[in-house]
Number of protein chains: 2
Amino acid sequence: MKILLVHAHPEARSLNGSLKQFMRERLVQAGHEVQVSDLYAMQWKATLAADDFAHLEPGAPFDPIADSQRAFEAGTQREEVAAEQAKLLWADTVIFQFPLWWYTMPAILKGWVDRVYAYGFAYGVGEHSDRHWGDRFGQGVMAGKRAMLVVTTGGWASHYSARGINGPMDDLLFPIHHGILYYPGFEVLPPYVVYRTGKVDAAAYARITEELGRRLDTLATTEPIPFRPQNAGDYEIPALTLRGDIAPGEAGFAVHAAPAGRNSG
Amino acid sequence: MKILLVHAHPEARSLNGSLKQFMRERLVQAGHEVQVSDLYAMQWKATLAADDFAHLEPGAPFDPIADSQRAFEAGTQREEVAAEQAKLLWADTVIFQFPLWWYTMPAILKGWVDRVYAYGFAYGVGEHSDRHWGDRFGQGVMAGKRAMLVVTTGGWASHYSARGINGPMDDLLFPIHHGILYYPGFEVLPPYVVYRTGKVDAAAYARITEELGRRLDTLATTEPIPFRPQNAGDYEIPALTLRGDIAPGEAGFAVHAAPAGRNSG
């Protein structure tokens, strides 16, 4: 397979840096083609701003959506943005690796999303009608590709459990899994999460690389999270609320994944 | 009151820019002292990186936590970081205003959190024992201050409703409300959210400013979200799971706020 690893940690001599190296080597040894976008090493510009758009006259009002669309369609995006889009189109599978900072991704990776996910590329794709509300949530440019998060945190697994004070990890990651990855069409694999990073000794590191290695070995066969496609009948359009007879009485993030073996779509 | 407005939109001539101006004027007219951190106008550096820390020798390994602590304690943080911390200490109330980009804040604001929330300032505060797990979630440097989000999105309210495809807005904002604001001690007011920003005509703008104006007029008296304090008996320590007899059988973000009038703490 062709695998893109998007890595967002500032220090190569860190747990995350070691895991980046481990993943690259494991994937290459398994015969995959691997590209790595090491955002800190690339000095990735995190802030989506008017200076991303060469077509803007000095002093002209900047519209993040309209100017993104114009530059994408005209081929005038900044080179590094177009290069990341090309890597996404090249890849069969994309792995995003980052430490959880304040319960979500570091700013540098959020800025990769803000800038690379152009209008016409990751959103604003497809027709809108009373049966179809854009190619998104299960459709889109990334359809047929897989994505997976590899996340580290200093907190304990219990702190991120169903009743843990931080909130459940699956819920904290839902806006990324569903809103950033499933939205443009990726199938989203369950994440691999390392807890208590401050306590990773040699034995723990051996366990982590064994577990993570298995996940890398099974990228092509692991069952994705069964998110419900937007345009296949599960949602009312244009309200985009889940149909009343599906998971009746339930609410929240969890209703957007079908229970195993009971996909209504 | 002393009010800090942290604003994260790239264009002053936008709905968000107009609302920033409206808020500043409304608050000043009401007799408050107001400071604005307009992150795009300040060209805020979004990426927490080794170059934030003057004490680091060239080539020395960078540890985001340890180096943050060292710089905070030694007073060698970058000037713009210390200035934002001083504004937070000055303020009674902090308003964060931003467009929802990919279901969370723009990278420039996430980078404000990543950099301003230093170890010893926003985390790593207080003792750890079997009754107290740091001054956080209801305690901390921001205790006694209030915070509120003002958020805009192009999507419809129904898309963000209990069964809407994006997930409920309250759940999307929980990692910010609870994990970024309540964590260092803020009392968190319910957010003010503008939906369908692409359809805001003069009539809608009048309604929005009337509603938002009322929210600004009642900053001091609005009931905060009743998040449960970490160290007041509701949580097992150190597992930091909600005590079994509180909201038994329930799970997810919602259990961390007490039902109105039934706070067990």
Being in contact with a strand residue (DSSP E or B) (Cβ under 9 Å, 6 or more places away or on another chain), more than 10 Å from chain B (Cβ to nearest Cβ) and assigned to a loop (DSSP other than H, G, I, E, B) is true for just one of A:VAL150, A:VAL94, A:VAL125. Which residue is that?
A:VAL125
Scanning region B:192-208 for residues that are surrounded by fewer than 18 Cβ atoms within 10 Å (Cβ to Cβ) and away from every other protein chain (no Cβ under 14 Å), which turns out nearest to B:ARG146 (Cα to Cα)?
B:VAL193
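From the list A:GLU211, A:GLU127, which residue is exposed (fewer than 15 other Cβ atoms within 10 Å of the Cβ) and either under 26 Å from B:GLY155 (Cα atoms) or of a type in the set (Ser, Thr, Tyr) (or both)? If you could, list the steps in order and put the result at the bottom.
Working: A:GLU211 fails: either under 26 Å from B:GLY155 (Cα atoms) or of a type in the set (Ser, Thr, Tyr) (or both).
Exactly one of A:GLU211, A:GLU127 is exposed (fewer than 15 other Cβ atoms within 10 Å of the Cβ) and either under 26 Å from B:GLY155 (Cα atoms) or of a type in the set (Ser, Thr, Tyr) (or both), namely A:GLU127.
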Using beta carbons and a limit of 7 Å, which pairs, at least six apart or on different chains, have the first residue in region A:234-248 and facing chain B (nearest Cβ under 7 Å) and of a type outside the set (Ser, Thr, Tyr) and the second one in a strand (DSSP E or B) and buried (at least 18 other Cβ atoms within 10 Å of the Cβ)?
A:LEU240/A:TRP133; A:LEU240/B:GLY164; A:LEU242/A:TYR235
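With respect to B:ARG207, determine if the residue is touching a strand residue (DSSP E or B) at 6+ places or on another chain (Cβ under 7 Å) and at pLDDT 95 or above.
On the way: touching a strand residue (DSSP E or B) at 6+ places or on another chain (Cβ under 7 Å): no; at pLDDT 95 or above: yes.
Considered against the rule, which asks whether it is touching a strand residue (DSSP E or B) at 6+ places or on another chain (Cβ under 7 Å) and at pLDDT 95 or above, B:ARG207 comes out as no.
Among the candidates A:PRO184, A:PRO168, A:PRO175, which residue alone is buried (at least 18 other Cβ atoms within 10 Å of the Cβ) and without any contact (Cβ under 8 Å) to a residue 24 or more places away in the chain?
Values: A:PRO184 fails: without any contact (Cβ under 8 Å) to a residue 24 or more places away in the chain; A:PRO175 fails: without any contact (Cβ under 8 Å) to a residue 24 or more places away in the chain.
Every option except A:PRO168 fails the conditions.
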Residue list for region A:155-186, filter: more than 7 Å from chain B (Cβ to nearest Cβ), within 20 Å of the chain's Cα centre (by Cα) and assigned to a loop (DSSP other than H, G, I, E, B)
A:TYR183, A:PRO184, A:GLY185, A:PHE186
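Taking the stated definitions as given, is A:ARG131 in a helix (DSSP H, G or I) and more than 8 Å from every other protein chain (Cβ to nearest Cβ)? Break it down stepwise before answering.
Numbers: in a helix (DSSP H, G or I): no; more than 8 Å from every other protein chain (Cβ to nearest Cβ): yes.
So A:ARG131 does not fit the description; no.
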Given (1) in a helix (DSSP H, G or I); (2) without any contact (Cβ under 8 Å) to a residue 40 or more places away in the chain; (3) surrounded by fewer than 17 Cβ atoms within 10 Å (Cβ to Cβ), identify the lone condition not met by A:GLN85.
(3)
Exactly one condition in (1) within 27 Å of A:LEU212 (Cβ to Cβ); (2) surrounded by 19 or more Cβ atoms within 10 Å (Cβ to Cβ); (3) among the hydrophobic types (A, V, I, L, M, F, W, C) is not met by A:ALA118; state its number.
(1)
Somewhere in region B:106-115, is a residue over 30 Å from A:LEU242 (Cβ atoms), touching a Pro at 6+ places or on another chain (Cβ under 7 Å) and within 13 Å of another protein chain (Cβ to nearest Cβ)?
yes
Lone unmet requirement of (1) in contact (Cβ under 8 Å) with a residue 40 or more places away in the chain; (2) part of a helix (DSSP H, G or I); (3) more than 24 Å from A:VAL188 (Cβ to Cβ); (4) within 14 Å of chain B (Cβ to nearest Cβ) for A:ALA71:
(4)
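Specify which of the listed residues (A:ALA239, A:ALA202) is of a type in the set (A, V, I, L, M, F, W, C) and either touching a strand residue (DSSP E or B) at 6+ places or on another chain (Cβ under 8 Å) or within 30 Å of A:VAL141 (Cα to Cα) (or both).
Numbers: A:ALA202 fails: either touching a strand residue (DSSP E or B) at 6+ places or on another chain (Cβ under 8 Å) or within 30 Å of A:VAL141 (Cα to Cα) (or both).
The unique qualifying residue is A:ALA239.
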For region A:1-40, name all the residues that are in contact with a His (Cβ under 8 Å, 6 or more places away or on another chain), closer than 30 Å to A:ASP63 by Cα and assigned to a loop (DSSP other than H, G, I, E, B).
A:LEU39, A:TYR40
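The values are calculated or read from the model by the stated rules, or taken from the named source; none is laboratory data. Since the structure is predicted, the reported quantities are computational estimates derived from the model, not experimental observations. Please note: Cβ atoms are built from the backbone with ideal geometry, for glycine as well, and neighbour counts cover all protein chains shown.
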